[in-house]
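Q: One structure coming up, written as structure tokens, with questions to follow.
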Amino acid sequence: MAEIMLRIAGVLILFAILFGVIRLVIGRTLVDRIVAIDVLTVISLSLIALYAQVSGRFVYIDVALVYALLSFLAVLAIARFLERGL
């Protein structure tokens, strides 16, 4: 049962990646593209967590947490740059 749930989660993550890339490509404004990149970051975090579960190596959860923190700070920096400039 757990294997089926992990496969379903993997398929859903792949669909989310597909939709995120489509949004990144057809985004009309810079803000749309930044949001798409942020969504792809969140999707990659879920992919890292799924891989940690499948492989049984939970050190990858720490990697995902650091990646999430850096992604959050990068989005804040980009938003500040777009609002005020350097």
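The values are calculated or read from the model by the stated rules, or taken from the named source; none is laboratory data. None of these values were measured; they are calculated from a predicted model. Reconstructed Cβ throughout: ideal geometry from the backbone, glycine too, with neighbour counts over all protein chains shown.
Q: Among the candidates ILE48, ILE43, single out the residue that is free of Cβ contacts under 8 Å to residues at least 24 places away in the same chain, β-branched (Val, Ile, Thr), surrounded by 11 or more Cβ atoms within 10 Å (Cβ to Cβ) and part of a helix (DSSP H, G or I).
A: Details: ILE43 fails: free of Cβ contacts under 8 Å to residues at least 24 places away in the same chain.
So the residue among ILE48, ILE43 that is free of Cβ contacts under 8 Å to residues at least 24 places away in the same chain, β-branched (Val, Ile, Thr), surrounded by 11 or more Cβ atoms within 10 Å (Cβ to Cβ) and part of a helix (DSSP H, G or I) is ILE48.
Q: Next question. Do we have VAL21 as modelled with pLDDT of 95 or more and either within 12 Å of the chain's Cα centre (by Cα) or among the polar types (S, T, N, Q) (or both) here? Walk me through how you get there before you give the answer.
A: Values: modelled with pLDDT of 95 or more: yes; either within 12 Å of the chain's Cα centre (by Cα) or among the polar types (S, T, N, Q) (or both): yes.
Answer is yes for this residue.
Q: Output the residues belonging to the stretch 51-64 that are more than 15 Å from ILE13 (Cα to Cα), out of contact with any Leu (no Cβ under 9 Å at 6 or more places or on another chain) and assigned to a helix (DSSP H, G or I). I'd like the intermediate steps shown before the answer.
A: Filtering the stretch 51-64 for residues more than 15 Å from ILE13 (Cα to Cα) gives 55-64.
Filter once more, so that each one left must be out of contact with any Leu (no Cβ under 9 Å at 6 or more places or on another chain): 55-63.
Across the stretch 51-64, the qualifying residues are SER55, VAL59, TYR60, ILE61, ASP62, VAL63.
Q: Can I ask one more? Could you please let me know if ALA9 is buried (at least 16 other Cβ atoms within 10 Å of the Cβ) and more than 28 Å from ALA77 (Cβ to Cβ)?
A: Numbers: buried (at least 16 other Cβ atoms within 10 Å of the Cβ): yes; more than 28 Å from ALA77 (Cβ to Cβ): yes.
Here the answer is yes, as ALA9 does meet what is asked.
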